[in-house]
Amino acid sequence: MKYLPLILACWLFSPIYGQTKLPIIKARSTNVAINDGGFLDKNAWVLSPEAKPDVYTANRSTKPKWVTFYTDIDSIRVKVKPGTKFNFIILLNEKDTCYTQIVSSKSAGGRIRPGENTHDTIPFTLTPHNAIQVEAIINHRDTLNLHFDLGSLDFRLTKVAILEKTKLLSNQPDALVGKTQPDFNKLAKVSSLQIGNLVWDNPNVQAANNAAHEMDGRFGWRVFDGKVVEIDYDKNQLIVHSKFAGRKKGYEKSAIKFIQSLFCIEATIQIDNQNYSGDFLFDTGSNLAMILDSTWMSVQNFPENLKILKRSSLSDGAGRKYETTIVVVPSLRVSGFVLNNITTSKLGFKSPVGFQMNYFGNDLLKRFNVIIDLINDCIYLKPNSLFAVPYLNQ
């Protein structure tokens, strides 16, 4: 296997046809594995000659890192720095030219139009299922209910909502009348998406199987990258700031840990004077309180004698179901604050993300007003009026 070490150049992408001497690697199969900063995904990429270019967004990192593409016969290694991109060609079967671009997550998706207000306030509804619901307008015409899900990255619309509430399948008339199955990989272009007064031009919008209960889709932290977002559950407002104005009274600071672009912080469970620390993904798209990873519990020698409330199942965004045991965890410390008697789901199987990862759902997170600083990668929490309300499964 040929191996090409390449340093990522810090130049802006111009139309790819105007470039010369792009690096070329070869492939006989359309399947490509990617090692992104040390995380290897053997099924990460499928070649698409029709895309010009086909863009791979590297996992979030504030530091330079290596990203390697492995075809069945070749490879290319690129050093990715925040805010930069790199173009190359994968030649499939010696005839099909696959223009490919690697970009850092700082360049992901669409971009909020320049000139927006310094502080934009978006009203939201906290649904009975703990979803942060906002109204979005697609292409100035289609109105959908989306939820803000910190466990996601970009904009995702459910297939049902696409079919029933949008005109994104207008390029597939036979699918609209039921003659053929819709091809959700070939949606009409989303040129504009508006939430409140914020407008994203040409955002990254894809189809998904599921969203939170009664929602038409979701959007994640990456659509606000480079900004500061407040979630105020007392006023039911999302407030988007262009700059960080400094810590507010009563808020405690923690570092955001991006693990394969997943939004996480460290927290500690305390049981019988024993501490069990780990990384917890912020999942405002979940209506649960806390979910514990089976591998993490095994490594930590987590107690098996906690009181069982019931056995249940949960579903992820892809519609996969997982069996769980619901227990009560006596104490949790996060950002210096202590919560007691948290209703917790213990997974009886390996985490679907492929590595040790616990979760905070919005039945827990709604108890804090939150400031998310995506400029300096810090988060600030402050207990709010929901701090002492009963947990969902109590």
Consider Asn287 carefully, then state whether it is at positive phi, open to solvent by 10 Å² or more (accessible area, probe 1.4 Å) and either in contact with a strand residue (DSSP E or B) (Cβ under 9 Å, 6 or more places away or on another chain) or not hydrophobic (A, V, I, L, M, F, W, C) (or both).
no
For the stretch 194-204, which positions are in a loop (DSSP other than H, G, I, E, B) and open to solvent by 20 Å² or more (accessible area, probe 1.4 Å)?
Gly196, Asn197, Asn202, Asn204
Hey, Leu306 in a loop (DSSP other than H, G, I, E, B), among the aliphatic types (A, V, I, L, M) and either touching a residue at least 12 places away in the same chain (Cβ under 8 Å) or open to solvent by less than 80 Å² (accessible area, probe 1.4 Å) (or both) or not:
yes
Name, by its number, the condition in (1) modelled with pLDDT under 85; (2) more than 23 Å from Asp154 (Cα to Cα) that does not hold for Ile76.
(1)
For the stretch 21-31, does any single residue satisfy the condition of being modelled with pLDDT under 90 and either open to solvent by 90 Å² or more (accessible area, probe 1.4 Å) or in a loop (DSSP other than H, G, I, E, B) (or both)?
yes
Scan the stretch 122-150 residue by residue and report those that are within 21 Å of the chain's Cα centre (by Cα) and among the basic types (Lys, Arg).
none
Taking first residues from the stretch 39-58 that are free of Cβ contacts under 8 Å to residues at least 24 places away in the same chain and of a type outside the set (D, E, K, R) and second residues anywhere that are surrounded by fewer than 19 Cβ atoms within 10 Å (Cβ to Cβ) and in a loop (DSSP other than H, G, I, E, B), the pairs with Cβ under 8 Å that are 6 or more apart or on different chains are Val46/Thr30
I'd like to check something: does the stretch 160-179 contain any residue that is touching a Gly at 6+ places or on another chain (Cβ under 8 Å), touching a residue at least 40 places away in the same chain (Cβ under 8 Å) and farther than 24 Å from Ile375 by Cβ?
yes
Find the residue count for the stretch 160-193, including only residues that are open to solvent by 50 Å² or more (accessible area, probe 1.4 Å), part of a helix (DSSP H, G or I) and either in contact with a strand residue (DSSP E or B) (Cβ under 8 Å, 6 or more places away or on another chain) or under 15 Å from Ala208 (Cα atoms) (or both).
4
Can you tell me which residue in the stretch 146-159 is most open to solvent (accessible area, probe 1.4 Å), limited to those that are in a loop (DSSP other than H, G, I, E, B) and either of a type in the set (D, E, K, R) or touching a helix residue (DSSP H, G or I) at 6+ places or on another chain (Cβ under 6 Å) (or both)?
Leu153
All conditions in (1) within 26 Å of Leu262 (Cα to Cα); (2) part of a strand (DSSP E or B); (3) out of contact with any Asp or Glu (no Cβ under 6 Å at 6 or more places or on another chain); (4) not small (Gly, Ala, Ser) are true of Ile137 except (1)
Filtering the stretch 220-242 for residues that are out of contact with any Ser or Thr (no Cβ under 7 Å at 6 or more places or on another chain) and either assigned to a strand (DSSP E or B) or free of Cβ contacts under 8 Å to residues at least 40 places away in the same chain (or both) leaves a count of 8
The residue that is nearest to Lys63 (Cα to Cα), considering only those in the stretch 243-270 that are surrounded by fewer than 15 Cβ atoms within 10 Å (Cβ to Cβ) and in contact (Cβ under 8 Å) with a residue 24 or more places away in the chain, is Ala255
Qualifying residue in the stretch 47-60 (condition: modelled with pLDDT under 90, open to solvent by 40 Å² or more (accessible area, probe 1.4 Å), under 23 Å from the mean Cα position of the chain (by Cα) and not acidic (Asp, Glu))
yes
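The values are calculated or read from the model by the stated rules, or taken from the named source; none is laboratory data. This one's a predicted model, so the numbers in the text were calculated from it and none came from an experiment. Counting neighbours? That spans all protein chains shown, and the Cβs are built from the backbone with ideal geometry, glycine included. Only protein heavy atoms, including side chains, enter the accessible area calculation; ligands, DNA and RNA are left aside. Shrake-Rupley method; radii C 1.70, N 1.55, O 1.52, S 1.80 Å.
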